[in-house]
1. Which residue pairs have Cβ atoms closer than 7 Å, lie 6 or more positions apart in sequence or on different chains, and pair a first residue in the range 4-27 that is free of Cβ contacts under 8 Å to residues at least 60 places away in the same chain with a second residue that is crowded, with 19+ Cβ neighbours inside 10 Å and in a loop (DSSP other than H, G, I, E, B)?
2. Taking the range 193-214 as the search range and keeping residues that are in contact (Cβ under 8 Å) with a residue 24 or more places away in the chain and in contact with a strand residue (DSSP E or B) (Cβ under 7 Å, 6 or more places away or on another chain), which one is surrounded by the fewest Cβ atoms within 10 Å (Cβ to Cβ)?
3. Being of a type outside the set (A, V, I, L, M, F, W, C) and either free of Cβ contacts under 8 Å to residues at least 12 places away in the same chain or surrounded by fewer than 22 Cβ atoms within 10 Å (Cβ to Cβ) (or both) is the filter here; which residues of the range 121-136 pass it?
4. Based on this model, can you work out whether residue 100 counts as under 25 Å from residue 166 (Cβ atoms), in contact (Cβ under 8 Å) with a residue 40 or more places away in the chain and in a helix (DSSP H, G or I)?
5. Go through (1) surrounded by fewer than 22 Cβ atoms within 10 Å (Cβ to Cβ); (2) in a loop (DSSP other than H, G, I, E, B) one by one and return the number of the condition residue 189 breaks.
6. Filter the range 145-155 down to residues that are surrounded by fewer than 19 Cβ atoms within 10 Å (Cβ to Cβ) and touching a helix residue (DSSP H, G or I) at 6+ places or on another chain (Cβ under 8 Å) and give me whichever is nearest to residue 77 (Cα to Cα).
7. Please indicate, with yes or no, whether at least one residue in the range 178-199 is at positive phi and small (Gly, Ala, Ser).
8. Is there a residue being closer than 23 Å to residue 156 by Cα and among the hydrophobic types (A, V, I, L, M, F, W, C) anywhere in the range 101-109?
Amino acid sequence: MSTRRLALFDFDGTITRGDSLLSYLTGYLSHHPARVLRLPVVFPQLVRGSITGIDSGALKSALIRMILGGRTRAELAAWTASFVPRLIRDGLNADALAVLAAHVDAGDHTVLLSASPDLYVPTVAQVLGFAETLCTGLEWHADRLTGALATPNRRGAEKVRCVQALRLRYPQLPIVAYANAMSDLAHLALADRGTLVNGSARARQAAARLGLAQVTWR
């Protein structure tokens, strides 16, 4: 790793062992069980998804509205301050952290590129030493969270657009990228070296056709 590079890391399933947003929401719900009564808020998205295919951004927004909608910045900052240390202690892949540390030690420009929301992803990125964070932004009305998305959902084609924008911002840096999902293959293929991490059987087959590297991180 002698040449400085732009190192892009997906978050859920790549650095983490599971879905961080689900963990964030269910953890909050366990402390505020009355919010279960807001479940009907997501019914329209679930019904529509069963007919036309789930819009992951709309479903994400609906779940966040149901569980966190109307909470203040201070309330959610307090939950994030409780959630992040436990996630870092118990929920991350050690191999991912070792690869990240090698990139940081080499002076690479590291970017956490995640579809998960800015409620906690920037905090995790700061603790882990990332230079930059690109994640899904959420909308606030004054001091209270609405749950609507303030940016595109950073998934699939939107990650492709993010990689293209980063290429324009850092034209001198070759790009290496790590991600785990089938929906990540398009942006991995844009990198100078894309690596599929812990991919499903279907994703591994598609990655092989694209000539992408593949690894298992624990």
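Read-outs: derived from the displayed coordinates by stated rules, not from any lab. These figures come from a predicted structure and were not determined experimentally. Cβ: placed from backbone, ideal geometry, glycine included. Neighbour counts: every protein chain shown.
1. If the second residue must be crowded, with 19+ Cβ neighbours inside 10 Å and in a loop (DSSP other than H, G, I, E, B), the pairs left are 19/12.
2. Taking the range 193-214 first, the residues in contact (Cβ under 8 Å) with a residue 24 or more places away in the chain are 197-198, 206, 210, 212.
Adding the requirement that they be in contact with a strand residue (DSSP E or B) (Cβ under 7 Å, 6 or more places away or on another chain) leaves 197, 212.
On the way: 197: 25, 212: 22.
The extreme case among them is 212.
3. As a first pass, look at the range 121-136 and keep what is of a type outside the set (A, V, I, L, M, F, W, C): 122-123, 126, 129, 132-133, 136.
Answer for the range 121-136, where residues must be of a type outside the set (A, V, I, L, M, F, W, C) and either free of Cβ contacts under 8 Å to residues at least 12 places away in the same chain or surrounded by fewer than 22 Cβ atoms within 10 Å (Cβ to Cβ) (or both): 122, 123, 126, 129, 132, 133.
4. Details: under 25 Å from residue 166 (Cβ atoms): yes; in contact (Cβ under 8 Å) with a residue 40 or more places away in the chain: yes; in a helix (DSSP H, G or I): yes.
Considered against the rule, which asks whether it is under 25 Å from residue 166 (Cβ atoms), in contact (Cβ under 8 Å) with a residue 40 or more places away in the chain and in a helix (DSSP H, G or I), residue 100 comes out as yes.
5. Of (1) surrounded by fewer than 22 Cβ atoms within 10 Å (Cβ to Cβ); (2) in a loop (DSSP other than H, G, I, E, B), only one is false for residue 189: (2).
6. Going through the range 145-155, the residues surrounded by fewer than 19 Cβ atoms within 10 Å (Cβ to Cβ) turn out to be 146, 148-152.
Restricting the remaining residues to those that are touching a helix residue (DSSP H, G or I) at 6+ places or on another chain (Cβ under 8 Å) gives 146, 148-149, 152.
On the way: 146: 15, 148: 18, 149: 18, 152: 23 Å.
Of everything passing the filter in the range 145-155, 146 is nearest to residue 77 (Cα to Cα).
7. No: zero hits.
8. Filtering the range 101-109 for residues closer than 23 Å to residue 156 by Cα gives 109.
Pick out the ones that are also among the hydrophobic types (A, V, I, L, M, F, W, C) and you get none.
Checked against the condition, which is being closer than 23 Å to residue 156 by Cα and among the hydrophobic types (A, V, I, L, M, F, W, C), the range 101-109 yields no hits at all.
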